[in-house]
Amino acid sequence: MQHNSPQGPLGAAGAGVPAFAERFMPGADAVRPAGQQGTLFNLAMIRAMVWRQRLILIGIVGAALLAGFVATLLATPLYQAQTKLAVEPSTSVIVEGQDLATPYYSGSFYLEFMRTLTERIQSRTMALRVVDELNLQDNPDIVGNVADATPERRRELAANFLRGGVAAAMINNTQIIEISFTSTDPALSARLANAYAQKVMMDDVDQSIEANSFARQYLEEQIATVRQQLQDAESQAIAYARGNRIIGQPISGGAAAAGESATATASGTAPTLAAGNVIEVNRQLTTARAARIAAEERWRAVANVPATDLPEVQQNGAIQTLRSQLNDRNARLAELRERYRDDYPPVRELLSEIQTINQSITTLSAEIKASIRSQYEIARRQEAALQQELVRASDASLEEQDRRVEFNQIDRQVASLQTQLASLLDRYNQLSAAANLRSSRFSLLDEATVPRVPSSPNLTRNLLIALVLGLALAVALAVLRETLDDRLRSVEDVENKLGLPALGQTPYTPDETIAELENRFSPISEAYASIRASLDYRLGVNNNLVIQFTSTQPGEGKTTSSAAIATKYAAIGRKVLLVDMDLRRPALSGMFDRPRSDVGVVDVLHGRVALENAVFQPGDSNLDVLPVGEIPPFPVEILSSALVYEFLQKARQRYDVIVVDSSPVLGIADAPLLSRFVDAVVMVIEANRAHARETRAAVRRLQDVNATFAGAILTKFRALEAGQAYNYQYRYYSYNRED
């Protein structure tokens with residue numbers, strides 16, 4: 001219970017709040033709101049993250065490099081051959097009747113022209129031309145073992161192979177195109193690279209021939225005259241055919257009009273509409289007979305099969321839906337029958353629905369089976385109708401043949417004119433090819449040679465890629481781990497994440513003993529001396545102070561810190577009492593290498609032993625240590641009573657400073673109960689172990705009982721873990737040390 005005293009060091013208000021505590025109570029500057037963060041990223045944070053996650057970073061990067069090295073060793077070597085073409089888009093063209101002309105092109109035109117050229121080289125059309133030129137569709141090294149594939153399929157496979165290996169690029173600030181081909185065969189790479197270059201030059205010549213025309217006026221007039229004569233002859237033939245009702249495409253019809261040479265059949269008989277009808281009807285009859293046979297066989301196969309067993313019925317969507325509904329009703333019926341009889345209305349309703357669904361399934365199945373027979377009947381009637389139509393068409397074709405004798409003479413005249421026109425057109429094309437005087441826009445600079453060393457895999461490049469990817473993955477994982485990790489590592493973390501003022505930090509040492517603390521030149525002794533000075537600044541130099549040391553969890557250094565601060569106060573001449581109030585796991589006796597005493601603070605609280613008979617002096621006459629003695633069975637009852645308050649009030653009259661080592665906060669109520677009777681609470685936090693969330697919860701528990709915080713001590717500080725330089729700790733704590 002809390003003891004209220006009208007006078008004394010606790011002040012008139014009681015409640016464990018000292019009269020001078022208003023200087024560092026929450027609401028002044030002692031406890032600041034948690035969550036005040038500094039810069040999101042800085043050099044120290046990055047350095048700390050790299051050090052803390054060094055194993056992850058090294059492991060992932062090493063694994064990535066190893067994977068890149070293994071992948072390089074296992075990869076199939078590829079050989080790349082290159083050839084170079086010089087490009088001149090503005091070549092001069094000599095055209096009959098014109099002067100030598102050199103057109104002007106802008107710089108953007110050259111760039112667009114070169115880009116267009118590279119895309120044309122890598123296009124599917126160019127690949128097909130190279131395939132046809134080299135007959136690559138029959139090369140098993142390119143298309144693989146596809147002997148049963150069609151020629152068109154093999155041609156496509158060869159074109160895909162070429163497109164996967166060819167590459168064209170413009171050399172910067174030049175008018176040179178580099179064509180390269182990559183494959184597992186060095187000789188094949190060189191051959192195909194040269195084939196691409198040759199095809200580009202040949203296509204350019206072909207395009208220039210098609211794009212330009214030269215003096216062809218005379219031949220054009222002759223072609224026009226013969227074309228007119230041919231038109232007159234065709235008109236005469238059409239008039240005769242119309243008058244004698246001869247319908248059909250003549251043997252030479254349409255060829256001349258399209259500019260193609262006419263051909264004649266060996267018999268000299270042109271196909272007519274009647275003859276075409278016979279062929280078409282016969283073809284349809286064959287198709288109908290095949291359809292009727294298939295339908296008949298299908299009907300015979302299912303005639304004696306129950307309708308519900310037919311595949312068409314089982315795969316029918318509507319029947320599947322009905323069966324799904326039937327299964328649902330049966331399931332529901334089975335569920336109801338477990339509790340009710342068949343005369344129950346819902347059961348009767350389900351039985352009625354099941355019967356209706358079964359009838360629907362039966363009806364729909366019968367209709368599907370009937371449709372199969374209907375298909376057979378329709379196919380049979382179609383075959384019979386086409387058979388009759390074939391007889392009629394054959395008779396009409398025989399009658400038409402008698403009227404075609406004179407028509408064939410007119411048709412032969414048309415064929416003669418078509419032959420003459422075709423000859424003129426061939427001569428016209430030959431002259432056009434010979435008259436083209438335009439030079440090629442491409443010239444071969446370097447011919448591709450057989451490469452001696454593979455172009456890939458490139459070990460250096462692969463390792464660089466693996467390094468970049470490994471670093472990216474490692475950094476991402478490291479940042480994720482850092483984001484999820486809320487451990488406190490520095491005094492800045494304590495102040496920003498907890499809102500507590502930092503009294504100082506102690507370096508990490510393998511062995512924190514009293515001998516090490518008493519060595520005033522040791523780093524940890526210097527650290528605690530600085531912390532004691534910070535406590536004086538925060539609490540003032542008032543006598544009769546009661547300072548409680550606690551932590552969030554065991555093992556964070558609260559016992560060491562309380563013993564060190566008590567020793568430092570005693571060293572400056574102040575009378576100090578160090579009390580072990582951790583009634584569950586006392587550790588002060590072991591700290592001073594003393595065996596556990598039979599009497600201690602519990603006996604003093606109950607008045608069984610005087611204070612001077614229960615304490616021991618570890619060496620300094622200004623320091624008295626009061627151990628626990630026998631561990632009490634009910635610590636909470638002792639700390640809840642007025643015994644602790646009365647003991648501390650009496651101790652204030654004899655000692656300048658009373659340092660209380662209490663139990664951790666989380667999990668037990670000892671520390672919050674004790675904090676009501678002290679002047680200030682010091683939170684001891686172990687660096688790199690204490691989590692911000694747990695420590696905030698511990699601080700909140702103490703604040704809920706109006707505990708007064710003097711600040712926090714960060715113990716076992718590691719400079720590298722906090723992002724400081726490697727020699728930061730040495731320089732920070734070793735100013736007075738000799739080399």
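Restricting to the range 486-733, what percent of DSSP beta bridges are antiparallel, rounded to 5? Intermediate results must be reported in sequence, preceding the final value.
Details: 2 of 31 bridges.
For the range 486-733, the DSSP antiparallel bridge percentage is about 5.
Considering the options Val313, Val391, Ala290, tell which one lies farthest towards the positive end of the dipole of the range 275-403, charges being +1 on Lys and Arg and -1 on Asp and Glu at the Cβ, about the Cα centre.
Of Val313, Val391, Ala290, it is Val313.
So, by mean Cβ neighbours within 10 angstrom, what's the order for 354-360, 160-166, 64-70 with the highest one leading? Numbers along the way, then the final one.
Details: 354-360: 14.4, 160-166: 18.7, 64-70: 16.0.
Those peptides, ordered most packed to least, come out 160-166, 64-70, 354-360.
Pulled fully out, how much extra length does the chain show between Ala224 and Ile279, if you take 0.36 nm times their separation in residues and subtract their Cα-Cα distance? Before the final figure, lay out each step's value.
Values: separation 55, 0.36 × 55 = 19.80 nm, distance 3.73 nm.
This chain segment gains 16.1 nm when fully extended.
Going by how many other Cβ atoms sit within 10 Å of their own, how do Leu425, Leu500 line up, fewest first? Present the calculation step by step, with values, prior to reporting the outcome.
Details: Leu425 18, Leu500 26.
Listed from fewest to most nearby Cβ atoms, that is Leu425, Leu500.
Simple spin-label model, 7 Å along Cα-to-Cβ: Ala63 to Glu119 in nm?
About 4.3 nm, to one decimal.
For the pair Glu112 and Ile176, what calculated FRET efficiency results from E = 1/(1 + (r/R0)^6), where r is the Cβ-Cβ distance and R0 = 22 Å, to the nearest 0.05?
Numbers: r = 16 Å, r/R0 = 0.75.
Efficiency at R0 = 22 Å is approximately 0.85.
Can you sort Tyr376, Tyr569, Tyr218 from fewest to most other Cβ atoms within 10 Å of each residue's own Cβ?
On the way: Tyr376 21, Tyr569 26, Tyr218 10.
Going from sparsest to densest Cβ surroundings: Tyr218, Tyr376, Tyr569.
Lys and Arg at +1, Asp and Glu at -1: add these up for the other residues within a Cβ distance under 12 Å of Asp328 and post the number. It would help to have the intermediate numbers written out before the result.
Numbers: positive: Arg323, Arg329, Arg332; negative: Glu335, Glu353.
Summing Lys/Arg as +1 and Asp/Glu as -1 gives +1.
Work out the length of the dipole vector of the range 275-403 about its Cα centre, built from +1 on the beta-carbon of each Lys and Arg and -1 on the beta-carbon of each Asp and Glu, and round it to the nearest 20 debye.
Details: 18 positive and 20 negative charges, 79 e Å.
In total the dipole reaches around 380 debye.
Taking 0.36 nm per intervening residue step and subtracting the Cα-Cα distance, what contour gain separates Val70 from Ala187 on full extension?
Taking 0.36 nm per residue and subtracting the Cα distance, the gain is 39.4 nm.
Taking 0.36 nm per intervening residue step and subtracting the Cα-Cα distance, what contour gain separates Ser621 from Arg584 on full extension? Can you show the working numbers first?
Values: separation 37, 0.36 × 37 = 13.32 nm, distance 2.82 nm.
Additional length available on full extension: 10.5 nm.
What percent antiparallel are the DSSP beta bridges of the range 574-721, to the nearest 5?
Values: 1 of 16 bridges.
Here the share of antiparallel DSSP bridges comes out near 5 percent.
Kirkwood Rh and Cα-based Rg: tell me the resulting Rg over Rh for the range 486-733, rounded to two decimals.
Numbers: Rg = 17.0 Å, Rh = 18.0 Å.
Ratio of gyration radius to Kirkwood radius for the range 486-733: 0.95.
Cross-link partners among lysines for Lys716, C-alpha distance below 23 Å, same-chain residues fewer than 8 apart left out?
Within the straight-line limit of under 23 Å, Lys716 reaches these lysines: Lys497, Lys558, Lys568.
Run the quick spin-label model on Gln315 and Ala385: label points 7 Å from Cα toward the beta carbon, then report their separation in nm to one decimal.
2.8 nm
Among Val699, Val636, what is the fewest-to-most ranking by other Cβ atoms within 10 Å? Show your work: numbers first, answer last.
Details: Val699 23, Val636 14.
Placing the least packed residue first, the sequence is Val636, Val699.
Run the reach check for Lys199 against lysines, Cα to Cα strictly under 21 Å, same-chain hits fewer than 8 apart removed. What comes back?
Lys84
Quickly work out the Ala366-to-Ile572 label distance, labels modelled 7 Å from Cα along the C-beta direction, and quote it in nm with one decimal.
Once both label points are built, they end up 11.0 nm from each other.
Just so you know, all these numbers are worked out from the coordinates, no wet-lab data involved. Values in this document were obtained by computation on a predicted structure and should not be read as measured data. FYI the Cβ positions are ideal-geometry reconstructions off the backbone, even for glycines, and counts take in every protein chain you see.
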